[in-house]
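The values are calculated or read from the model by the stated rules, or taken from the named source; none is laboratory data. Note that this is a predicted model, so its numbers are computed, not measured. Positions of Cβ are generated from backbone atoms using ideal geometry, with glycine treated the same way; all protein chains shown enter the neighbour counts. To get the accessible areas, we keep the full protein, side chains included, count just its heavy atoms, and leave off ligands, DNA and RNA. Shrake-Rupley method; radii C 1.70, N 1.55, O 1.52, S 1.80 Å.
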Amino acid sequence: MTIPRQIGPETGPRTALPDYRRSSATVERMVSDLRRRSRGNRGASRQVRALLPAAATRDTALRAVLSAALLGGALVPAVAMVLLLLALEDGRSPGLGLLIVLLALAGSGLILLLLGLRFGIVALGTARARVEIADEGLYVVGGLRSRSVPWRDIVAVDSGVVHPVHWHTAALRLRDGSRVVMPAFDRHLWTYGQPSGQDIRTLRTELRRRELEARRPF
């Protein structure tokens, strides 16, 4: 059944129903605009925010210099040990006193070597380190490796973590009991007593917000 749009003769028609052609065009434009905004919002939600070290250039240079100095210092005990061994007369073994000196030189050289390697790794980590925040989770970049951590696996963000290489740093605590160290938040000795920075609070706020969204009923 077709409902006439006009009633009466052609000379003086009376409109029975309004003409929706212009209105429908307006609605179509509104729907199209909403779709474009929706696609724009989805694209914006996929944008990644990156958290970087507070003073990456300064810390990288400082740690690289310390690494070079310590590695260079590790050569001094090694050279001293070689000279002491060469000074021995042929066919004679080192005495007890010389053995103690050699052990002390070897221990100090090993400590300097380990510290130099540590500062070298941390300097590389400071230059590369970042934490990317995305809808899927966090992407943690360190000096030697990187790792993607989904939001559902994160229990908490710990800011007072002690690590044998990074020393005082921050880490993600996962549901399986393991931790993911974030080298972007390695701290200097003189900043140990200071509270955690804004970036750590940002991660905790984001984690709390996503936990509340996951618990919210649909």
For this session: Looking only at segment 152-161, count how many residues are surrounded by 18 or more Cβ atoms within 10 Å (Cβ to Cβ) and modelled with pLDDT of 90 or more.
Result: 2
Exercise. Within segment 188-211, is even one residue assigned to a strand (DSSP E or B), surrounded by 10 or more Cβ atoms within 10 Å (Cβ to Cβ), of a type in the set (A, V, I, L, M, F, W, C) and touching a residue at least 40 places away in the same chain (Cβ under 8 Å)?
Worked result: no
Exercise. With respect to the numbered conditions (1) surrounded by 14 or more Cβ atoms within 10 Å (Cβ to Cβ); (2) in contact (Cβ under 8 Å) with a residue 60 or more places away in the chain; (3) not aromatic (Phe, Trp, Tyr), which one is the sole condition not fulfilled by ARG49?
Worked result: (1)
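Within segment 137-185, work out how many residues are more than 18 Å from ARG201 (Cβ to Cβ) and either assigned to a helix (DSSP H, G or I) or not aliphatic (A, V, I, L, M) (or both). Please lay out each step first, then the result.
Quick first cut of segment 137-185, residues more than 18 Å from ARG201 (Cβ to Cβ) only: 137, 139, 141-150, 152-153, 162-167, 174-181, 183.
Now drop any that are not either assigned to a helix (DSSP H, G or I) or not aliphatic (A, V, I, L, M) (or both), which leaves 137, 139, 142-143, 145-148, 150, 152-153, 163-164, 166-167, 175-179, 183.
Of the residues in segment 137-185, 21 are more than 18 Å from ARG201 (Cβ to Cβ) and either assigned to a helix (DSSP H, G or I) or not aliphatic (A, V, I, L, M) (or both).
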Seminar exercise, completed: For ASP135, the lone unmet condition from (1) loosely packed, with under 14 Cβ neighbours inside 10 Å; (2) at pLDDT 90 or above; (3) in the same structural domain as ASP176 (by the TED database) is (2)
Exercise. Given the structure, is ASP59 at pLDDT below 90 and more than 30 Å from ALA127 (Cβ to Cβ)?
Worked result: no
For this session: Mind telling me which of the residues ARG128, ARG147, ARG92 ends up being open to solvent by 30 Å² or more (accessible area, probe 1.4 Å), closer than 16 Å to ALA171 by Cβ and of a type in the set (Lys, Arg)?
Result: ARG147
